[in-house]
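Notes follow the structure.
The values are calculated or read from the model by the stated rules, or taken from the named source; none is laboratory data. These numbers were taken from a predicted model, which means no experiment stands behind them. Cβ atoms come from the backbone with ideal geometry, glycine included; neighbour counts cover every protein chain shown.
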2 protein chains.
Amino acid sequence: MITDDTDAEMMQAYMREMRVYVDDFIRSFLFASIPTETLITRAAKSSIFAGGKRLRPILCLTAADSLDGPRQQILPWCLALELVHTYTLVHDDLPALDNDDTRRGFPTCHVTYGEPMAILAGLGLLAAAFSSPVSLAAKYQTPSLIRRLFSLLSTASGGRGVLAGQVADLLAESHDIPQEEMLFIHHHKTALLISAALQIGALVAGGREDDIERLRKFGELFGLAFQIQDDILDVIGDEEKLGKPVGSDIRSHKATFITLLGLERAQMFLHTVAERARQHLIDFSGDPTKLLWLLDYVINRDH
Amino acid sequence: MITDDTDAEMMQAYMREMRVYVDDFIRSFLFASIPTETLITRAAKSSIFAGGKRLRPILCLTAADSLDGPRQQILPWCLALELVHTYTLVHDDLPALDNDDTRRGFPTCHVTYGEPMAILAGLGLLAAAFSSPVSLAAKYQTPSLIRRLFSLLSTASGGRGVLAGQVADLLAESHDIPQEEMLFIHHHKTALLISAALQIGALVAGGREDDIERLRKFGELFGLAFQIQDDILDVIGDEEKLGKPVGSDIRSHKATFITLLGLERAQMFLHTVAERARQHLIDFSGDPTKLLWLLDYVINRDH
């Protein structure tokens, strides 16, 4: 937990440093691997560089760092995680799905490039996610490790992960759902990829099985906390910082932790979830400091 | 070239046998890996079992067989190829792209399951394509071979492959395009995945580099021949056998080899392309018989 201003400043500096580090790699990789710019690569790239926090790559790197893992071997997986995350945003925003016109203050992909191109750009991002880690990482990793890393990435990004969450979300539209159903949606849409990011980082770093398991559980609760804070910000956030109108969930009659619990109980639930997440790192064999910083960043963020 | 009725019968029997073999594997893999049926898995599965010819898996297996490759190690890649092919059909048919209501005589995925579910099912198919070969094949193949196989699959299915073709196709809609542009579209939309199928089969079979290169070129011309026959069938095909109305390309003002060359010259071009394809297998070190059968099947098919 952030205990004083010095810690908070160090955490902010860490986030900035890691974001620049991740961005540099993503930029250099994409420029090297996409020699000629076309409409689809422009649509895909503009979505990748539309102001994302790079949370999943940073979690992946931080998990690896906490176990003294080799950064060069982690970076391809960081890129893959961000590509998967970006594809889910591009497709989530489509007219046939959430029909969102802006994200982080920018027009969404289909607004700028048209719906057909946005569909194709999203698919391109997903396909690229699976090619980049293999093309870069296969030389470092054993077949059994590649198999396990891929399984984490593909489960989180496919029909048993984020897509299962999106389907449940679609079916839940505009009507009340029990808490269990909302937990299912967020577990699949958000938490699995965050948890995969942490596990991938630790696996590439050669982490022990019990530590991988701790990070899996920590990640699932981290993802849940992320989503509760998202719902809270939709009510009490600052429109300028969020880059989207406040209250949009309520206007679209979306079931959120606020509609389910009310603001005050949602805030209490957020702190309970964060505390349960921290518990899982008590016996972690690596250095959990920065992982805990990231959790604090997420539950205290204003955008 | 098919020389008499006996050859034609043997070829038909071979196609049937291979299709059953591929279907059995696809069915058993999908049933084992998808324990609970949901709306998205139902949408995805119904697209996979909607009467496809399994041409890409059959090409992959035939290339491997021609070099005495181990079938069990090829099958996961066959599945991946069919999953990629199916995702391209589901997304191609979407209202925002080709807006097709029927395919092979069946309602298309978005007609049965709605557009949002069809988008998600297509993404699920693409994600599954990348997980199935790794989860099954990583135990057999070396990291450098995995890397190469993945590179073939992901290039053909991503922004430098089928998606580049779809973008060019979109931009070419409803106006005349030069032959060069049409060749670009078909090379990317059709030929690259067919060529990848052949190369993947040969690589898993431990094929020599010169044979891989022969199959790459053979595959690219095979894919072109496939597309020319597609355009010809749109003019002279039998609606019942095709499972779609004849003349739909003309009605939608699509540029085809018929609009470009006329029927007679398109038929001559088809035979020239097929002959050039055959030339590439003259020095092939394996047994090319069945690969040539498949080429004859494709240029003589009636659906």
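What single numbered condition from (1) part of a loop (DSSP other than H, G, I, E, B); (2) surrounded by 18 or more Cβ atoms within 10 Å (Cβ to Cβ) fails to hold for A:T41?
Condition not satisfied by A:T41: (1).
Answer with yes or no whether B:R208 is of a type in the set (K, R), surrounded by fewer than 21 Cβ atoms within 10 Å (Cβ to Cβ) and over 23 Å from A:T142 (Cα atoms).
When the stated conditions are applied, B:R208 passes them.
Residue by residue, here is whether (1) in contact (Cβ under 8 Å) with a residue 40 or more places away in the chain; (2) farther than 24 Å from B:Q227 by Cα; (3) in contact with a Leu (Cβ under 7 Å, 6 or more places away or on another chain); (4) among the polar types (S, T, N, Q) holds:
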position: B:I26; (1), (2), (3), (4): yes, yes, yes, no
position: B:S33; (1), (2), (3), (4): yes, yes, no, yes
position: B:A43; (1), (2), (3), (4): yes, yes, no, no
position: B:V84; (1), (2), (3), (4): yes, no, yes, no
position: B:R104; (1), (2), (3), (4): yes, no, no, no
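Filter the range B:27-38 for residues that are facing another protein chain (nearest Cβ under 10 Å) and outside any loop (DSSP other than H, G, I, E, B) and give the result.
B:S33
Which residues, taken from the range A:158-183, are touching a Gly at 6+ places or on another chain (Cβ under 8 Å) and under 15 Å from A:D98 (Cα atoms)?
A:L163 - this is the single residue of the range A:158-183 that is touching a Gly at 6+ places or on another chain (Cβ under 8 Å) and under 15 Å from A:D98 (Cα atoms).
As an exercise: evaluate B:R104 against (1) buried (at least 24 other Cβ atoms within 10 Å of the Cβ); (2) charged (D, E, K, R); (3) modelled with pLDDT under 90 and give the number of the one condition it does not meet.
Every listed condition holds for B:R104 apart from (1).
State whether one or more residues within the range B:155-175 are more than 8 Å from every other protein chain (Cβ to nearest Cβ), within 20 Å of the chain's Cα centre (by Cα), over 25 Å from A:V84 (Cα atoms) and not acidic (D, E).
Scanning the range B:155-175 turns up no residue that is more than 8 Å from every other protein chain (Cβ to nearest Cβ), within 20 Å of the chain's Cα centre (by Cα), over 25 Å from A:V84 (Cα atoms) and not acidic (D, E).
Looking at (1) of a type outside the set (A, V, I, L, M, F, W, C); (2) closer than 25 Å to B:K189 by Cβ; (3) modelled with pLDDT under 85, find the lone condition where B:Q141 falls short.
The failed condition is (2).
Of B:T62, B:T142, B:T102, which residue is of a type in the set (V, I, T), farther than 21 Å from B:L30 by Cβ and within 14 Å of chain A (Cβ to nearest Cβ)?
Of B:T62, B:T142, B:T102, the one residue that is of a type in the set (V, I, T), farther than 21 Å from B:L30 by Cβ and within 14 Å of chain A (Cβ to nearest Cβ) is B:T142.
Looking only at the range B:44-73, count how many residues are of a type in the set (D, E, K, R), within 17 Å of the chain's Cα centre (by Cα) and buried (at least 18 other Cβ atoms within 10 Å of the Cβ).
Going through the range B:44-73 one residue at a time, the tally reaches 2.
Kindly indicate whether any position in the range B:274-293 is modelled with pLDDT of 95 or more, hydroxyl-bearing (S, T, Y) and over 21 Å from the mean Cα position of the chain (by Cα).
yes
Does A:T190 satisfy the condition of being under 20 Å from A:D92 (Cα atoms), hydroxyl-bearing (S, T, Y) and facing chain B (nearest Cβ under 9 Å)?
It is false that A:T190 is under 20 Å from A:D92 (Cα atoms), hydroxyl-bearing (S, T, Y) and facing chain B (nearest Cβ under 9 Å).
Which members of the range B:213-237 meet the condition of being crowded, with 18+ Cβ neighbours inside 10 Å and among the β-branched types (V, I, T)?
Within the range B:213-237, B:I228, B:I232 meet the criteria.
Might you check whether a residue that is over 29 Å from A:G206 (Cα atoms) and among the hydroxyl-bearing types (S, T, Y) occurs anywhere in the range A:124-147?
no
Out of all the residues in the range B:74-93, is one or more closer than 26 Å to A:A129 by Cβ, within 13 Å of chain A (Cβ to nearest Cβ) and not in a helix (DSSP H, G or I)?
The answer is yes, given that some residue of the range B:74-93 is closer than 26 Å to A:A129 by Cβ, within 13 Å of chain A (Cβ to nearest Cβ) and not in a helix (DSSP H, G or I).
Looking at (1) in a loop (DSSP other than H, G, I, E, B); (2) free of Cβ contacts under 8 Å to residues at least 12 places away in the same chain, find the lone condition where A:Q141 falls short.
(2)
Which of the residues belonging to the range A:86-102 are over 14 Å from the mean Cα position of the chain (by Cα), aliphatic (A, V, I, L, M) and within 20 Å of A:D230 (Cβ to Cβ)?
Residues satisfying the conditions are A:L94, A:L97.
Check whether at least one residue in the range B:109-126 is more than 13 Å from every other protein chain (Cβ to nearest Cβ), over 20 Å from B:K53 (Cα atoms), at pLDDT 90 or above and in a helix (DSSP H, G or I), and report yes or no.
yes
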